[in-house]
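Below: the structure, in structure tokens.
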Amino acid sequence: MSVAKRTFDAVIVGAGGAGLRAALQLSEAGLKTAVLTKVFPTRSHTVAAQGGVAASLGNSTEDNWHWHMYDTVKGSDWLGDQDAIEFMCRKANEVVVELEHYGMPFDRTDNGKIYQRPFGGHSQNYGQAPVSRSCAAADRTGHAMLHALYQRNVRANTQFFVEWMALDLIRDADGDVLGVTALEMETGEVCIFHAKATIFATGGAGRIYYSSTNAFINTGDGVGMAARAGIPLEDMEFWQFHPTGVAGAGVLITEGVRGEGGILRNASGERFMERYAPNLKDLASRDVVSRAMTTEINEGRGCGPDKDYVLLDITHLAPETIMKRLPGIREISIQFAGVDPIKEPIPVVPTCHYQMGGIPTNYKGQVVVPKDGEPNSPVAGFYAAGECACASVHGANRLGTNSLLDLLVFGKSAGETVVEDIAVGNLSLKPLPADAADASLARIARLEGQTNGESVHEVGLAMRRTMQKHAGVFRFDGLLKEGVTAILEVAERAQRTEIKDKSKVWNTARVEALELDNLIEVAKATMISAEARKESRGAHVRDDAPDTPEFPNGRNDNEWLKHTLWYRDGNRLDYKPVTLKPLSHDVDPIALAKRTY
Amino acid sequence: MTIDRKRVLWQCRRALLELDLVLARFLERDFDRLDEETLADLEDLLRCEDHELWAMVNGSAPCAKERWRGVLGLLRQS
């Protein structure tokens, strides 16, 4: 079957912050650049980022990138690669100032500089005192960033293919990447995007969990495509959770609610945090609160018919206080939990928020895989940036405001590397293999022809419930082992999904089935990687790896100071060393230590 | 389902989870019985930026265009 073909210097999949920043670098260098996106660029999930972008500008308090680097390494629980972290922290000021020049409306100080505010985990002088490092545009930083980058791309003649879904990565016999296949939703046609360079910037896959703060578009398309093409996925056991998402919906209830006096209660109405954190109680740190909530639910003290959530109670606060200080929360509670928090407590559960792992890359944005004894060998023609990639700067746990920085720095870096690789002749337009589109066409044909199959909705639900129960915020060996069996069963079902609507034009059912193909790869990688890692580190906390003098916080550097690599083929696991050496010779490594705040 | 209707269905995929959830409930309850005029109003409303749309849905901002009033009312009930 013949498939239409379009040819570019570079094709970028995803038009959130990372994709737009990468595209800008390429288009401004005069390269013919295509950006494929499922939704209009300014409707990407980067819009939801509120907190800000970290940069040691030192506008509000004294600061420098060495301190930022220390905070990021410590935040990562030493799983982050120190060369990439140094690169990111050193580049932060440059990319933020560039964004300012693109017209990003940052908040300002009285003397006109970018205003900076403090954020959790960021410090002065190696943990001595809080620092003001976050640059924000009110509570719409991500939104403002996307607009600034989109406008600049339009000016630079980036070609956008809006409402196109990339389907599969194209590799040749050498393993080089030659582009992607993609589906145009308006016509239902499959097309080949043939390019010298392919950059994935598809965001995270938070929708693998039942309770997730992620929008519906976050289906890990790039991560799934990479896995199907034989690229291993790195550190997929590490997911950041927020303790209080509305049960069944996922919408975040800010920490401010507990700051105003909100109390967490179990089914018998007990203020259970008194048992877990006698001093700080409900104001203990995110991970402590999340673990306590999970323990209550796992031990049968959860609320509701399925005993699967706890309650956040603010009914003891004066209604005027709630109306005045927490109006948005009252609205969210009424809208998504169906309860007025003035009268009834809000059902909440720990909720998946951010994917630390992803497609393995180096600080240049090149996708790297083990080859011939070299753990980080670049895959020719393939690059990735943002949440879908694992550079790895977040390691086992991401600091707030480092995600927007990640996508700016590594979006730009991937773009720069492509420009350079093309300029020196490292990249050319290699001939397409004859079967370039076959895998994608076969997937679509399978969906067309499937009878007596499984419902996409039901299989998706089974995946999300399995992940939530077996690989949630607090992990148990038995549950993880059962989880591996359970998720592999769900993956079998995902191969038999059936859609009733077989039409071509705007067939959203087909898109959702293809998205599930991507999500299920991420789910398998997460469960299998988590089961295998027998320590606690950062966001991966196991009940059987507690805090002991020998293993502080349950972390076991002797055996587990290494990155996980999961291969789809045979669900094989491999490991590679963490880069503990910074990029520059004159920068000292951040020595291993217990992570305490 | 007509092609127009299917196109609008995809426009309901948003950047913010809050809107995805409200729109999903609305689609399940009301979408099939929307007349052509209301469908056109919905498509126009969906051209809004996500934060503006969410503010109108949750009532923290007023309805900015008269033709959106009807469909916004339906979304607020979702």
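The values are calculated or read from the model by the stated rules, or taken from the named source; none is laboratory data. Because the structure is a prediction, the values reported are computed rather than measured. Quick reminder, even Gly has a Cβ in these numbers, built from the backbone with ideal geometry, and neighbours come from all protein chains shown. The protein model used for the area step is the full one, side chains on, heavy atoms only, and it has no ligands, DNA or RNA in it. Shrake-Rupley method; radii C 1.70, N 1.55, O 1.52, S 1.80 Å.
Yes or no: A:Asn558 assigned to a helix (DSSP H, G or I), more than 30 Å from A:Leu167 (Cα to Cα), touching an Asp or Glu at 6+ places or on another chain (Cβ under 7 Å) and not basic (Lys, Arg)?
So A:Asn558 does not fit the description; no.
Please go through (1) farther than 20 Å from A:Glu237 by Cβ; (2) surrounded by 21 or more Cβ atoms within 10 Å (Cβ to Cβ) for A:Glu344 and return the number of the only condition it doesn't satisfy.
The number of the failed condition is (2).
Which condition number in (1) within 11 Å of chain A (Cβ to nearest Cβ); (2) exposed (fewer than 15 other Cβ atoms within 10 Å of the Cβ) is the one that B:Asp35 fails?
(1)
Exactly one condition in (1) facing another protein chain (nearest Cβ under 10 Å); (2) open to solvent by 20 Å² or more (accessible area, probe 1.4 Å); (3) in contact with a helix residue (DSSP H, G or I) (Cβ under 9 Å, 6 or more places away or on another chain) is not met by B:Arg67; state its number.
The number of the failed condition is (1).
Taking the conditions exactly as written (assigned to a loop (DSSP other than H, G, I, E, B), away from every other protein chain (no Cβ under 14 Å) and of a type in the set (S, T, N, Q)), does A:Ser27 satisfy them or not?
no
Of the residues that sit in the stretch B:1-11 and are more than 7 Å from chain A (Cβ to nearest Cβ) and farther than 16 Å from A:Met165 by Cα, which one is least open to solvent (accessible area, probe 1.4 Å)?
B:Val8
So, A:Arg43, is that one within 14 Å of another protein chain (Cβ to nearest Cβ) and either basic (Lys, Arg) or open to solvent by 20 Å² or more (accessible area, probe 1.4 Å) (or both) or not?
yes
Looking at the stretch A:324-360 only, could you name the residues that are of a type in the set (A, V, I, L, M), touching a residue at least 12 places away in the same chain (Cβ under 8 Å) and touching a helix residue (DSSP H, G or I) at 6+ places or on another chain (Cβ under 8 Å)?
Residues satisfying the conditions are A:Leu326, A:Ile329, A:Ile332, A:Ile342, A:Ile346, A:Val348, A:Val349, A:Ile359.
Being more than 10 Å from chain A (Cβ to nearest Cβ) and open to solvent by 40 Å² or more (accessible area, probe 1.4 Å): is that true of B:Arg76 here?
Criteria not met by B:Arg76.
Is it the case, given these coordinates, that B:Gly59 is surrounded by fewer than 17 Cβ atoms within 10 Å (Cβ to Cβ), within 8 Å of chain A (Cβ to nearest Cβ) and small (Gly, Ala, Ser)?
Answer is yes for this residue.
Anything in the stretch A:326-340 that is more than 9 Å from every other protein chain (Cβ to nearest Cβ), over 14 Å from B:Gln77 (Cα atoms) and surrounded by fewer than 15 Cβ atoms within 10 Å (Cβ to Cβ)? List them, or say none.
Residue satisfying the conditions is A:Asp340 alone.
Give me a count of the residues in the stretch A:292-325 that are within 22 Å of A:Gly259 (Cβ to Cβ), among the small types (Gly, Ala, Ser) and open to solvent by 20 Å² or more (accessible area, probe 1.4 Å).
Residues meeting the conditions: 1.
A:Val490: open to solvent by less than 40 Å² (accessible area, probe 1.4 Å), modelled with pLDDT of 95 or more and either under 29 Å from B:Cys12 (Cα atoms) or more than 14 Å from every other protein chain (Cβ to nearest Cβ) (or both), yes or no?
When the stated conditions are applied, A:Val490 passes them.
Residues of the stretch A:193-220 being closer than 19 Å to A:Phe8 by Cβ, crowded, with 24+ Cβ neighbours inside 10 Å and in contact with a Ser or Thr (Cβ under 8 Å, 6 or more places away or on another chain), which ones?
Result: A:Phe193, A:Ala195, A:Lys196.
Please indicate, with yes or no, whether at least one residue in the stretch B:12-27 is open to solvent by less than 70 Å² (accessible area, probe 1.4 Å), β-branched (Val, Ile, Thr), within 10 Å of another protein chain (Cβ to nearest Cβ) and within 27 Å of A:Lys502 (Cβ to Cβ).
The answer is no; no qualifying residue exists.
Can you tell me how many residues in the stretch A:563-594 are part of a loop (DSSP other than H, G, I, E, B) and open to solvent by less than 50 Å² (accessible area, probe 1.4 Å)?
Total meeting the criteria: 7.
Of all the residues that make up the stretch A:170-189, how many are open to solvent by less than 20 Å² (accessible area, probe 1.4 Å), away from chain B (no Cβ under 14 Å) and not in a loop (DSSP other than H, G, I, E, B)?
Residues meeting the conditions: 7.
Here are some conditions: (1) assigned to a helix (DSSP H, G or I); (2) among the polar types (S, T, N, Q); (3) within 14 Å of chain B (Cβ to nearest Cβ). A:Gln50 meets all but one. Which one does it not meet?
(1)
Which one is farthest from the chain's Cα centre (by Cα) among residues in the stretch A:1-24 that are surrounded by fewer than 24 Cβ atoms within 10 Å (Cβ to Cβ) and closer than 20 Å to A:Asn426 by Cβ?
A:Thr7
Looking at the stretch A:271-278, can you tell me whether even one residue there is closer than 27 Å to A:Arg464 by Cβ, among the hydrophobic types (A, V, I, L, M, F, W, C) and within 14 Å of chain B (Cβ to nearest Cβ)?
No, the stretch A:271-278 contains no residue that is closer than 27 Å to A:Arg464 by Cβ, among the hydrophobic types (A, V, I, L, M, F, W, C) and within 14 Å of chain B (Cβ to nearest Cβ).
In contact (Cβ under 8 Å) with a residue 24 or more places away in the chain, in contact with a His (Cβ under 6 Å, 6 or more places away or on another chain) and of a type in the set (D, E, K, R): does that describe A:Lys576?
Considered against the rule, which asks whether it is in contact (Cβ under 8 Å) with a residue 24 or more places away in the chain, in contact with a His (Cβ under 6 Å, 6 or more places away or on another chain) and of a type in the set (D, E, K, R), A:Lys576 comes out as yes.
Select from the stretch A:500-520 the residues that are touching a strand residue (DSSP E or B) at 6+ places or on another chain (Cβ under 9 Å) and of a type in the set (A, V, I, L, M) and write down the one among them that is farthest from A:Glu184 (Cα to Cα).
Looking at the filtered set, the residue picked out is A:Leu516.
What's the number of the condition A:Thr254 fails, among (1) closer than 28 Å to A:Gly121 by Cβ; (2) modelled with pLDDT of 90 or more?
Evaluating A:Thr254 over (1) closer than 28 Å to A:Gly121 by Cβ; (2) modelled with pLDDT of 90 or more leaves (2) as the failure.
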